[in-house]
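Contents: one structure, followed by commentary.
The values are calculated or read from the model by the stated rules, or taken from the named source; none is laboratory data. On a predicted model such as this, the values are computed, not experimentally measured, just so you know. Every residue, glycine among them, receives a Cβ derived from its backbone with ideal geometry; neighbour counts consider all protein chains shown.
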Number of protein chains: 2
Amino acid sequence: MKLAGVIGYLGWMLVAMALPAGAESVEQWGVYEIKLTGPATGNPFVEVQVAAEFTQGGTMVRVNGFYDGEGVYRVRFMPEKTGEWTWQTRSNARELDGHCGTFTVVPAGPHDHGPVRVAHTYHFAYADGTPYKPLGTTCYAWTQQGPELEAATLATLAASPFNKLRMCVFPKRYDWNTNEPPQYPFAGTPTTNWDFTRFNPAYFQHLEQRILDLQKLGIEADVILFHPYDGGHWGFDRMPAAADDRYLRYVTARLAAFRNVWWSLANEYDFMKEKKESDFVRFGGILTQEDPYHHLISIHNGQLMFNHTLPFITHASIQNGSAVEDAGRAELFRDVYRKPVVFDEVKYEGNLPRRWGNLSAEELVFRFWEGTVAGTYVGHGETYLSPDNIIWWSKGGALKGQSPARLAFLKQVLDDAPAEGIDPIDKWQSPAYGGQAPNYYLIYLGKQTPASWEFLLPKPPLGAGQPAAEGMQFTAEVLDTWNMTVTPVPGRFVLHKRDNYSYVDRDGRAIELPGRPYMAIRLKRVND
Amino acid sequence: MKLAGVIGYLGWMLVAMALPAGAESVEQWGVYEIKLTGPATGNPFVEVQVAAEFTQGGTMVRVNGFYDGEGVYRVRFMPEKTGEWTWQTRSNARELDGHCGTFTVVPAGPHDHGPVRVAHTYHFAYADGTPYKPLGTTCYAWTQQGPELEAATLATLAASPFNKLRMCVFPKRYDWNTNEPPQYPFAGTPTTNWDFTRFNPAYFQHLEQRILDLQKLGIEADVILFHPYDGGHWGFDRMPAAADDRYLRYVTARLAAFRNVWWSLANEYDFMKEKKESDFVRFGGILTQEDPYHHLISIHNGQLMFNHTLPFITHASIQNGSAVEDAGRAELFRDVYRKPVVFDEVKYEGNLPRRWGNLSAEELVFRFWEGTVAGTYVGHGETYLSPDNIIWWSKGGALKGQSPARLAFLKQVLDDAPAEGIDPIDKWQSPAYGGQAPNYYLIYLGKQTPASWEFLLPKPPLGAGQPAAEGMQFTAEVLDTWNMTVTPVPGRFVLHKRDNYSYVDRDGRAIELPGRPYMAIRLKRVND
C-alpha cells in the first residue's frame, strides 16, 4: 500500500466519541475521506480521474473523487453499513492509482439518522427509519454573503423550526439581490471571463462548510444546481452542455457524501430559456449515475410543471401560487405523481410590490395547514423589504415575519402525528380531513369561524386506511393554529354509524369553538 | 387482378352524392371496405392474416383486415387524403393474397369533418380544422339493451347537446344493470364457457352499426375496451394476456376506420384487479401500432390516476369527484399533463343512494362551468332510479334530469367561444377567469350571489396570451347559466390600468347582477 494521507472525516457528532486506538473509524452515514497527492500541472480537473472502490463483503461502492487544487485529490465516501470496509483507488494518474486501506464504520450517533429517503409513498424518513417531516425555508444565496451575514443566518436557523433549506450553488442576481459574491465557482475573472474547465476549489470548500453547518443544525440542504437568476450576467445559466455535465460530476463528487444533501436540478427550470427540458432529464441521469447514495432528486418549476412522473425524480418539488389555498387542490398532485409532494414555493410572507411576495403571515400559515391535511408539505419564504436590502428569501439574515413561530407550532403537531405521515381521509368529499384512519385525524377549518364542530368522521375510501367502526373511542383537542394553543376537550367521543359514509358521536356531541379562523381539531383513538 | 367483392362503404352522408359512372369513390374520412372470400374452415380468427396496403404517391398505409364469419374477410380503410388510391392485399391464405384495386377519394361532405385530434395543446379539433368542444355523456351498456331501447337512446341523444358518448364494448354487470346482453362477443355459451380464440362477428357488427348511428348524429364514440363491471361473471375482465391482445387487434381492425371512434383503454382501470398497469401500457402500444389513423387514446381511472404523461395517451380522461368543484383545482391537471383534460366522470346527476350518483342538476351544471373556465372539459352522467331500472348512465333510454337543457346552453357558449378554446387567464390569482386574452373572457361566479361585478381584467401571466392594454374596448353580457339567458350590458367598457396586475373600466363601471347564483360574465373585445 502506498502512503496516502487518509483522514476520517467524522462530522460533528463523532468528535467526542472514544475510538479504539489506532483504528480508523467513522460513523455510519458520516464521511470517510481519502486524501491523496497527485499531479498539479496541466488541468487536473479534466485530465485526471480518480475514484475508489469501497468494499464490504459482497457490497462494492464505486465513488468518484475530485481535484481540490494544489495537487490535492479527495475521494469522499458515506458508508451506509457498519462494520469493516476496505478500499482501493483507481486513477489514470499513477500517483493516485492503487492506494488502499481499511476502516471501521461504527453505529451512528444519536443525531445522525442518515440521509432522507421516500417513505410510505408520499412521505419521508431518514435511512434509520426515523420519520422526517419537511418544514423548509428558502435562502437562495445565503452562502455568498460573507461570514458575518452567513453566521447570522445560521443563528436564525438554529432558533427556527426549519429542517430544510433551499439554496443555490451558483450565485444569484435578481431584484433586491445584485451584490457580487465574495468568490466564484470557476477560474477566471468576473463577470464573464470564465474557464469552465477549471473549478475554484475554495468556492466549493466554502459551500461544503455551510452544508455541514446546516447538518449540525439538523437541516437538510436542498442544493439547487441550476437557476435562471443570472440572466447571462455571469453566464452560469448558459454554459455549454459539456460544462454543465462536468460541473454536475464535480459537485456530485464533492457533495454526495454529505448525508443532508438533496439535489434540486433547478429552480424555475423553465425560466432558463437556454435550456431544454431534455437537458434536465440528462442532468437527472448524470446525478443518478454519479451519486452512489441516491440522495433525493427534484426539480422546481416556474410556470411550466416538470414531468415528475419520470423515475429519477424522487418527489415533486412544486411552485404553485394557489394550490395550497385549498387542501382539495393540494392533494391532486399526490394523485398524479404518487410521490411525496413538497410545495417548495407557494408565494412568500412579506411586503414586496410583487404578488408572489406579499402574503400575510396568516395567509402563509393557512397555506401550510391546508397543505398539511392534504398529505403534502409546504415551504416557507420571507420577503420583507428593509433598508439594508437583506431579504431572508435571498440572503438570509434575520427572520422578521410572524409565520415562523406558528410553523414551529405546526412542527410540534407534525412531530406528534403518526410516523406514516398524514394522508387525506376522504378526499373527494372532505378535503379538510387528514390523518391515518382510524387512529389519528387532523381536521383543519381554515378561514371558517364556526361556533362549534359536529363530531363526524367520514368513512375512508377504499384502500386509504382502515375504516372507522362503531364504538371506537377518541379524545379530541382544539388547536388554535394562529395563537398556538392546544385545548383538550373533556371526555371521550364514541363512534356511532350515521349512514354509509359517516360516523358521529354516540351521544351526538359537538365540540365548541371560539368563532375564530384557523382552528383545527385533532382526534386520537383511545385503545381500551 | 383477382375478382374480389369490393364495395365503397360510403357512410351516411355520401349516399346521395352523384359519382362518376363506373368509378369507385368514397369521401375523405369515409370508409372504403374491401370484402373478400376465403377460408371458412379451421379457425380463421387465429389462422388467417389478411391486410391491405393502400398507396397514394409516396404515402402507403398498411391496414389489417379481419374475419367476419362465414368465409368473409374485410379490410376497412379510412382515407385521410383525397385523390386516387390503389391497394393490394397481403395474406397467408392464397385466396386472399394479391388482390388489388383503385378508387377515388372525394372531398368530405358538409357533415364529415374527419376524426377528432388534439389542437392547441389543451383542446380538440376535427381533422379538417373545425373546432371540436367535447360535451360528453355516458351510457356504458346501451348497445346491449335490444333494438327498442337502443332506438330510444338514439332518439334522446339526437335531441340532446351531447357530442361524445362513453360506451363499453363488453357487456356490463353492475348494480341496477344485471340483465344479460342479447349476444356475446365470443363463441361459446354463457356465462363463462367461452372460446376466446373465436369472436362472434354478429356482436361486433351490431356494435359497429351503433357507432355509425352515433356518427350520423355527430357524436364521437368513446369506446371503452376493458372495464371491471364483470367481476368474473363472464370473465371478459380477466382473459389471458394473449386473448386481450387478440381482442384489441380484432377490435382495431374492425373499428379504426370509423372516424368517430375514440379509444378508451379502460374504465376504472385500477378496479380491474386482475390487470397490472403495465398491461394497459401494453394495450396502448398495441393500439398505437394497429390503428393506422391514430384515433384519440385515453384511459379512465377509479381511485388511482393513470400516468397520463405517457406519450401514447392523447388526453387525460379523469374521474375525480371533487376537482371540478373549483376551477382552481381543475386546471392543475392541465399543468401536470400538458394535454387536453376531460373530466369524464365527476359524479352524476341523480338520486342513487351512492354519493357518486346523487348530485343535483344545479351542482352538475356548476361543475361543468367550473371546468370550462379552467380550460378543461366535463362529462355528464345521469343516475335517476326508476321502476323500470332503466338508468341513463348504464342503459340509455330517456333523460330525466334538469342538467341537459343547461348543458345545451353551455354548448352554445362553447360554440361561440374562440376556436383556440378557453384557457385560464391568470390561474394563480383568478381561477374564475377563462378565455383567450385579450379578446375573449368568460368569468364564472359560481355559487356567489353578488349584486354587482366590478369590471376587472387581470394581467395574464407570461406566455398565456397577449396582455390586455390601456384603451381596449369590450362589450359585456351577463349569462344566467341556470335560467339560460344572455343579457347584453349597454355600452362599452374601456380598459384603464389600475396597477401592475389589473385593468378596470376607465369610468369605474360595474355590471349589475340579479343576486342569484350561477351567473357568468362574457366579455368580447371590440375592434374599432
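Points to keep in mind about this one:
- One residue stands out among those in region A:410-432 that are part of a helix (DSSP H, G or I) and without any contact (Cβ under 8 Å) to a residue 60 or more places away in the chain: the one that is nearest to the other protein chains (Cβ to nearest Cβ), which is A:ASP416.
- Condition met for A:ALA243 (assigned to a helix (DSSP H, G or I) and out of contact with any Phe, Trp or Tyr (no Cβ under 9 Å at 6 or more places or on another chain)): no
- Candidates B:HIS233, B:HIS227, B:HIS206, B:HIS308: the one that is in contact (Cβ under 8 Å) with a residue 60 or more places away in the chain and closer than 30 Å to A:ILE425 by Cα is B:HIS227.
- Scanning region A:61-79 for residues that are small (Gly, Ala, Ser) and assigned to a strand (DSSP E or B) yields nothing.
- Any hit, region B:351-371, residues being modelled with pLDDT of 95 or more and within 17 Å of the chain's Cα centre (by Cα): yes
- Checking A:GLU70, A:GLU95 one by one, the residue that is surrounded by 15 or more Cβ atoms within 10 Å (Cβ to Cβ), farther than 24 Å from A:GLN289 by Cα, not hydrophobic (A, V, I, L, M, F, W, C) and not assigned by TED's automatic domain parsing to the domain that holds A:SER298 is A:GLU95 and no other.
- Tally, over region A:200-222, of residues that are in contact with a strand residue (DSSP E or B) (Cβ under 9 Å, 6 or more places away or on another chain) and at positive phi: 0
- Residue check for B:PRO311: within 14 Å of another protein chain (Cβ to nearest Cβ), within 19 Å of the chain's Cα centre (by Cα) and of a type outside the set (A, V, I, L, M, F, W, C): yes
- Condition met for A:ARG198 (within 23 Å of the chain's Cα centre (by Cα) and among the charged types (D, E, K, R)): no
Residues are listed down the side, and each one gets a yes or a no for (1) assigned by TED's automatic domain parsing to the domain that holds B:TYR140; (2) surrounded by fewer than 18 Cβ atoms within 10 Å (Cβ to Cβ); (3) of a type in the set (A, V, I, L, M, F, W, C):
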position	(1), (2), (3)
B:VAL378	yes, no, yes
B:TYR384	yes, no, no
B:ARG406	yes, no, no
B:TYR433	no, no, no
B:ASN439	no, no, no
B:TYR444	no, no, no
B:PHE455	no, no, yes
B:PHE474	no, no, yes
B:LEU479	no, no, yes
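- Residue match in region B:265-277 (condition: within 14 Å of chain A (Cβ to nearest Cβ), over 21 Å from B:TYR140 (Cβ atoms), of a type outside the set (Val, Ile, Thr) and surrounded by fewer than 22 Cβ atoms within 10 Å (Cβ to Cβ)): yes
- Candidates in region A:287-308 are the residues that are away from chain B (no Cβ under 11 Å) and either outside any loop (DSSP other than H, G, I, E, B) or over 18 Å from the mean Cα position of the chain (by Cα) (or both); of these, the one that is surrounded by the most Cβ atoms within 10 Å (Cβ to Cβ) is A:SER298.
- Only listed residue being crowded, with 22+ Cβ neighbours inside 10 Å, among the β-branched types (Val, Ile, Thr) and within 32 Å of the chain's Cα centre (by Cα), chosen from A:VAL46, A:VAL63: A:VAL63
- When B:ALA125, B:ALA159, B:ALA152 are screened for being in the same structural domain as B:PRO340 (by TED's automatic domain parsing), farther than 22 Å from B:LYS400 by Cα and at pLDDT 95 or above, only B:ALA125 passes.
- Qualifying residue in region A:268-280 (condition: in a loop (DSSP other than H, G, I, E, B), assigned by TED's automatic domain parsing to the domain that holds A:PRO171, out of contact with any Ser or Thr (no Cβ under 9 Å at 6 or more places or on another chain) and without any contact (Cβ under 8 Å) to a residue 24 or more places away in the chain): yes
- Odd one out for A:PRO340, checked against (1) of a type outside the set (S, T, N, Q); (2) buried (at least 24 other Cβ atoms within 10 Å of the Cβ); (3) within 23 Å of A:TRP176 (Cβ to Cβ): (3)
- Across region B:433-462, the qualifying residues are those that are of a type in the set (A, V, I, L, M) and not in a strand (DSSP E or B), and the one among them that is nearest to the other protein chains (Cβ to nearest Cβ) is B:LEU462.
- Verdict on B:PRO171 being surrounded by fewer than 22 Cβ atoms within 10 Å (Cβ to Cβ) and either under 19 Å from the mean Cα position of the chain (by Cα) or more than 22 Å from B:VAL341 (Cβ to Cβ) (or both): no
- Restricting attention to region B:73-92, the residues being surrounded by fewer than 18 Cβ atoms within 10 Å (Cβ to Cβ) and either among the aliphatic types (A, V, I, L, M) or on the phi > 0 side of the Ramachandran plot (or both) number 1.
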